[in-house]
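Just so you know, all these numbers are worked out from the coordinates, no wet-lab data involved. Because the structure is a prediction, the values reported are computed rather than measured. Positions of Cβ are generated from backbone atoms using ideal geometry, with glycine treated the same way; all protein chains shown enter the neighbour counts.
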Amino acid sequence: MGKVIYLDAAASSLKPQPVIETQVDFLQNKYANAGRGVCARASNVDAMVNSTRCRVAEFINAVPEQIVFTGGTTDGINRIAGILKQIPKLNESKPHVTVSDLDHHSARLPFEHCAHAGIFNLDICPLDNDFNIDINAIGKTDIMVITAMSNVLGVPQRVRDIVAAARAKNPNVITIVDAAQYVAHNRIDVVDWDCDFLCFSGHKIGTDTGVGIMYIKNPNDIYPDKFGGGMVIKVNDDQWTLANGAEKFEAGTLPLTQISGIIPAIDNLIEHMGNSDLIKYLYTELSKIDRIKILSSADAALLTFVINDMHPLDFGAIIGAHGVCLRVGNMCATWVHDNVLKYSGTIRISCGWWNTHTEMQDVVKIIKKILG
């Protein structure tokens, strides 16, 4: 196959050269475990982890002690669900968790699971006529899960206003933000949002798979959910003293190679943030094709559509044979497909820093050729 046009940034970002070089250099020349040694090499790895934690904190307007390295967004939100299950005050009565149909499986299924187990009550916040979280319909709840940007509709939600509305109904509400899609297109300010937890994945912003960020507003007020090396200061028989801040949530060896790539990934992301012009071009051109029905808005960060008389999987296979890599199916977002769009599957184009206008012109030509 010749040149591949990669249009699946929403699933995972391609890796910029500085990330690749940094991770290769770490593996070849700098590798050691973190928090486990006193030699210069181990100390340098500790310094790398700390500097990365500081850079991530700066990136989302947090402080380093609030930044926990995880395995990704899915891992982070599952861990948050586990953390919340063990808060005695929260669980004196069966707490209510509010989700929405914008949620990715990773944001909602951990809480669906808890509801099925009888631990939480699950409530669904309705969407407004524009398919955004209906701020006026937010009720009193104990835990609010907020998808900052749907991976199907690509529209940033008003996270600050959603959090404020939830707090107006319950000042003690715990707010959780899934920023997996949002982080690649917009700057995050956790202070302005006033959220309690936030998660995103490293691979969405250009570093390797297997690392994510979990922001915790008040880490010292929360008991950890995982135990092992590195998260305790002292052990005395069956008693122990927990580390402070983020480190008490980082039991075991961290994904160090992936962490080493986060800083160059953030730098590259900030330099190239925004691909709306490419999406707007595709929106304009594909709107002219009668068989195509576009489901996302003209100002969305991605383009989602269906084709009359053609299954999304068939289209995906055909356009893939033409060297175009995009996403088809339900994007692990069943509820927005079944309950909002009323399609079991769709076609999604999402652009990244590597895409060009010429590629978009080529994609339009290929689609027109496929559809005759």
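Once the C-beta distance of Asp277 and Asn33 is scaled by a Förster radius of 41 Å, the resulting FRET efficiency is 0.40 to the nearest 0.05. In straight-distance terms, cross-link reach from Lys365 covers every one of the aspartates and glutamates whose alpha-carbon lies under 13 Å from its own, apart from those fewer than eight places away in the same chain; here that gives Glu285. The stretch between Ser93 and Arg160 holds 21.4 nm of extra length on full extension. This uses 0.36 nm per residue minus the Cα-Cα distance.
Highest mobility in the GNM of the chain, judged by mean-square fluctuation with C-alpha springs under 10 Å and restricted to Thr22, Thr358, Thr253, is found for Thr358. Per-residue extension of 0.36 nm, minus the Cα-Cα distance of Glu65 and Thr358, leaves a gain of 101.1 nm for this segment. Secondary structure note: in the chain, about 60% of the DSSP beta bridges are antiparallel.
Distance from the C-alpha centroid of the stretch 322-348 to that of the stretch 178-201: 24 Å, rounded to the whole angstrom.
Counted residue by residue at 0.36 nm each, then reduced by the alpha carbon distance between them, the extension gain from Tyr223 to Lys368 reaches 46.6 nm. Within the stretch 2-83, the chymotrypsin sites (Phe, Trp or Tyr not before Pro) that combine a DSSP coil assignment with at most 16 other C-beta atoms in a 10 angstrom radius are Tyr31. Considering only Ala246, Pro126, Thr74, and ranking their Cα positions along the charge dipole of the chain that arises from unit charges at the beta-carbon of Lys, Arg, Asp and Glu, the one farthest toward the positive end is Thr74.
Hand me the trypsin sites (Lys or Arg not before Pro) from the stretch 26-118 located in a DSSP loop with no more than 13 other Cβ atoms within 10 Å, in residue order please. Sparse-neighbourhood loop trypsin sites (Lys or Arg not before Pro): Arg36, Lys89.
Taking Cα extents along the principal axes in Å as calculated from this structure, the corresponding entry among (1) 67, 54, 39; (2) 59, 59, 43; (3) 74, 53, 32 is (3). Taking every full run of DSSP H in the chain, the ones that stretch at least 27 Å from end to end by Cα along their long axis and average 0.0 or higher on the Kyte-Doolittle scale are 40-60. In summary, the lysines within cross-link reach of Lys369, defined as a Cα separation below 19 angstrom excluding same-chain residues under 8 places away, comprise Lys3, Lys288, Lys293.
Summary of packing: across the peptides 341-349, 206-214, 234-242, the per-residue average of other C-beta atoms within 10 Å ranks them, highest first, as 206-214, 341-349, 234-242.
Here each label is just a point 7 Å from Cα along the line to Cβ, and for Asn129 and Glu21 those points are 5.3 nm apart.
Between Ala40 and Gln86, the modelled labels are 4.0 nm apart [label points 7 Å from Cα along Cα→Cβ]. Simple spin-label estimate for Asn339 and Ser287 gives 2.9 nm between the two label positions (7 Å along the Cα-to-Cβ direction from each Cα). For the chain, the Cβ-based charge dipole about the Cα centre amounts to some 380 debye (Lys, Arg positive; Asp, Glu negative; other atoms uncharged).
Given a Förster distance of 51 Å, report the FRET efficiency between Ala321 and Asp237 from their Cβ-Cβ distance, rounded to the nearest 0.05. Taking R0 as 51 Å, the efficiency between Ala321 and Asp237 is 0.20.
Please report the spacing between the Cα centers of the stretch 236-269 and the stretch 83-97 in Å, no decimals. That distance is 26 Å.
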